[in-house]
Amino acid sequence: MKSLGIMGGTFDPIHYGHLVAAEGARHQFNLDKVIFVPSGRPPHKTENKISDPSQRLAMTNLAIASNNYFDISAIEVERPGLSYTIDTVLSFRSMYRSSKLYFITGGDAVLEILTWKDVGRLISLCTFIAATRPGYHLEHLEQAFLELPAAYRKNIHIMEVPALAISSTDIRERIRTGRPIKYLLPESVEQYVNKHNLYK
């Protein structure tokens, strides 16, 4: 593959915003494939705030099943210890030596990029696609970019995604308060959430 997208995230649960962002990045950056990588044990979130990794992996698998350009990797779920992006990107770099790597994540996450482990090396290994909904924190992103070294800025691209108005946090809150979540996420994921009584 000439170009490969790595879609990182907690996916708790995965929703249409994630899927639209991945498909938008695939088209805009001419990616041969987008591989979804559910976080195993994200260092910025405590264990009691997120669902079991196997459940998030299962929901992601259900959500991407109908898109031949999407795939999934359990690399972070299976790796012991905290899940750091640098370790994941290094693993993909060793597997896809000749491919150009793109790491797709939320704009909010990119705002914190200077706090990420080994960020200098990370930026040199892949191009970042910061997906954000139109107008949301765009001024913060642009201001944050101005504070980044020039070598970092050239490897980060902002991509506006209207469907990112949907959020996993809102979906979890809707479930807790008994409000509908239909049409916010794939029906197969909604059924999985109901079957396993998640977020209540």
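Readers should treat all values here as calculations from the given coordinates under stated rules, not as data from a laboratory. No experiment lies behind these values; they were computed from the predicted model shown. Don't worry about glycine lacking a Cβ; one is built from the backbone with ideal geometry, like all the others, and counts go over all protein chains shown.
Springs between Cα atoms under 10 Å define the GNM used for the chain, and in it the highest mean-square fluctuation of PRO180, PRO53, PRO162 occurs at PRO180.
Please check: in the Gaussian network model of the chain (C-alpha springs, under 10 Å), which one of HIS15, HIS157, HIS27 has the largest mean-square fluctuation. Of the options given, HIS27 has the highest mean-square fluctuation. Against the main long axis of the alpha-carbon atoms of the chain, helix 138-147 sits at an angle near 30°. All C-alpha to C-alpha distances of region 3-167, sorted into 5 Å bins beginning at zero, yield P(r) values of 2, 9, 19, 22, 24, 17, 7, 1, 0 percent in whole numbers. Straightening the chain between ARG176 and HIS44 buys 45.2 nm, computed as 0.36 nm per residue apart minus the Cα-Cα spacing.
Highest mobility in the GNM of the chain, judged by mean-square fluctuation with C-alpha springs under 10 Å and restricted to TYR16, TYR183, TYR102, is found for TYR183.
Pairs of Lys residues in the chain, spaced 8 or more positions apart or belonging to different chains, with C-alpha separations under 13 angstrom: 4 in total. Per-peptide packing, taken as the mean over residues of other Cβ atoms within 10 Å, places 115-124, 30-39 in the sequence 30-39, 115-124 from highest down.
Among MET1, MET159, MET7, sorting on how many other beta-carbon atoms sit within 10 Å of each Cβ, with the fewest leading, yields MET1, MET159, MET7.
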